[in-house]
Amino acid sequence: MLKINFGKLKFLRSIKIRIFLIVFIVGIIPSTITRYAIVRNYEQRAVALRTSDVQTQLQILANHLISYRYLQDTSSEVIDAELKMLSNLYDGRVLIINNNLKVIKDTYGISEGKTIISEEVIRCLKGTNTSNYDSDNGYIEMTIPITEITDVDTAADSPVESSIARGVMLTSVSTDYITTTMEILNRKAMVVEALVVLVIFIVSILASYVIIRPFEKITDALRKVKEGYTSDPISVQDCLETEHIGDAFNEVLGRMKVLDDSRQEFVSNVSHELKTPITSIKVLADSLRGQEDLPIELYREFMEDIADEIDREDKIINDLLALIKMDRTSSDLNIDQVDINVLVELIMKRLRPIAFKKNVELVYESIRPVVAAVDEVKITLVITNLVENAIKYNKEFGWVKVTLDADHQFFTVEVADSGIGIPAESIEHIYERFYRVDKSHSREIEGTGLGLAITRSAILMHRGSIKVVSEEGEGTTFTVKIPLTYISVT
């Protein structure tokens with residue numbers, strides 16, 4: 001059920017819809033608040049004016065009540081006429097209550113002679129006027145004291161006036177005309193608000209279109225690139241955000257082109273490297289097949305050449321498989337505590353015959369004991385590849401020095417040689433697959449061109465790093481840095 005509901009609200013994920021809703025809502029809320037404020041402000045002012053007007057009339061009437069001594073004798077036709085006129089004028093009801101809380105006059109003729117106990121009446125007898133507006137029932141209720149002015153002599157020559165509350169006028173005034181006027185005003189305000197909402201609706205649509213237009217241009221440009229109509233960089237400078245998106249995509253596009261070129265070159269190199277031994281084997285086999293009564297010595301020489309080419313093909317395939325396996329993110333390392341000193345010594349012992357054959361001196365220096373959590377097979381591959389390369393690309397009677405050191409976080413293996421060095425323009429490419437610095441001698445120096453690519457992948461799998469410093473004709477130094485403790489990242 002929830003999935004269905006979310007599917008119905010899927011349109012809300014559109015930026016254009018969100019912009020429209022934001023502008024529309026932000027526009028409607030002030031207009032609605034303004035309409036409500038205008039109507040309520042009118043109501044408050046109208047009630048205040050009505051109350052003030054009625055209180056003025058009641059105050060005049062209260063003075064007449066004292067003048068005609070109406071509280072003592074309610075037979076005055078003049079006061080009755082004024083009460084009736086006041087009641088008709090304001091469509092209300094007037095009760096005259098004496099200081100004993102007894103109703104002596106009711107313009108509705110309902111409560112005369114009754115005793116009324118009301119908080120408002122009692123407060124008014126004590127000198128406090130009250131006024132209450134009941135919007136639900138549509139009337140204003142107010143009290144006006146009926147006071148008599150008396151003179152009180154004091155020690156001073158001038159008398160001081162004093163007033164005594166003789167009764168209370170409790171009045172209820174209808175507010176129907178205010179309600180009617182509010183309804184008319186509210187209807188007119190709603191018409192104006194509807195026009196405003198229509199304008200806001202149109203502005204919201206235009207605003208959402210104008211704001212989203214640059215992003216639609218970005219989308220169109222991306223679609224053209226995706227469908228292959230163009231490979232030109234994207235440039236949408238309508239606003240800063242789309243410009244940044246375009247720049248970021250152009251960087252990604254450039255990186256993709258580099259990767260695609262690298263992939264094509266890799267495929268080409270793989271094809272060439274795999275085809276070369278097969279071509280050699282075919283030539284040798286055809287030579288054997290085309291000759292009769294071939295001497296056993298020549299036959300053996302051809303077969304040895306064929307075996308060498310098969311070994312070369314096998315090494316290329318094995319290196320490719322090793323590289324592909326390391327490229328998989330799901331590849332697992334067999335982590336174990338390994339004595340790196342012992343490991344390097346074994347590698348050096350295994351490679352000394354190769355160095356001896358090349359007349360290269362192999363030197364190993366261990367600064368301190370090192371034990372680390374690594375995959376022994378892959379670290380062996382790393383060190384072996386670096387030392388073998390240092391031997392292969394060395395000068396006759398040259399040297400290779402391997403130095404092992406560590407701190408509290410990492411151990412480092414430095415492989416330095418006195419070899420031919422690497423040209424400056426080639427250093428950034430040496431980790432590329434099948435890249436050979438000196439292609440003219442690629443057949444003379446054994447190898448597949450995958451060794452450093454495999455080495456770098458194995459190091460990165462251990463969260464390590466590899467750096468190279470080289471000067472052509474002087475030698476090369478590779479520095480490998482591996483954490484002592486392997487931390488798996490899931």
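All of the numbers you see were taken from the coordinates with simple rules; none came from a lab. All figures in this text were calculated on a predicted structure; none of them were measured in a lab. Here Cβ is always computed from backbone atoms with ideal geometry, including for glycine, and neighbour counts include all displayed protein chains.
On the beta carbon distance between Glu361 and Glu251, with R0 = 56 Å, the FRET formula returns roughly 0.75. Within the stretch 36-76, name every residue whose backbone N is under 16 Å away from a label modeled 7 Å from Cα of Ala165 along the Cβ vector. Counting only backbone N, you get 59, 62-63. Given R₀ = 35 Å, FRET efficiency for Arg352-Ala424 by Cβ-Cβ distance, to 0.05? FRET efficiency, Arg352 to Ala424: 0.65. Using 0.36 nm per residue and subtracting the Cα-Cα separation, the extra length available between Lys84 and His408 on full extension is 106.1 nm. If R0 equals 51 Å, the separation of the Cβ atoms of Glu77 and Val203 corresponds to a calculated FRET efficiency of about 0.15. The label-point distance for Asp286 and Ser271, in a model that sets each label 7 Å from Cα toward Cβ, rounds to 2.0 nm. Given their separation in residues at 0.36 nm each and the Cα-Cα distance between them, His244 and Glu471 gain 77.7 nm when the chain is fully extended. Mind running the shape call on the stretch 161-223? Use the C-alpha gyration tensor, a ≥ b ≥ c as the square roots of the eigenvalues: rounded below 1.5 for a/c, prolate if a/b tops b/c, oblate otherwise. The shape class here is prolate. Cross-link check: pairs Lys401/Lys467; Lys275/Lys481; Lys282/Lys358; Lys16/Lys224 evaluated at a Cα-Cα cut-off of 26 Å; pairs beyond the cut-off: Lys275/Lys481; Lys282/Lys358.
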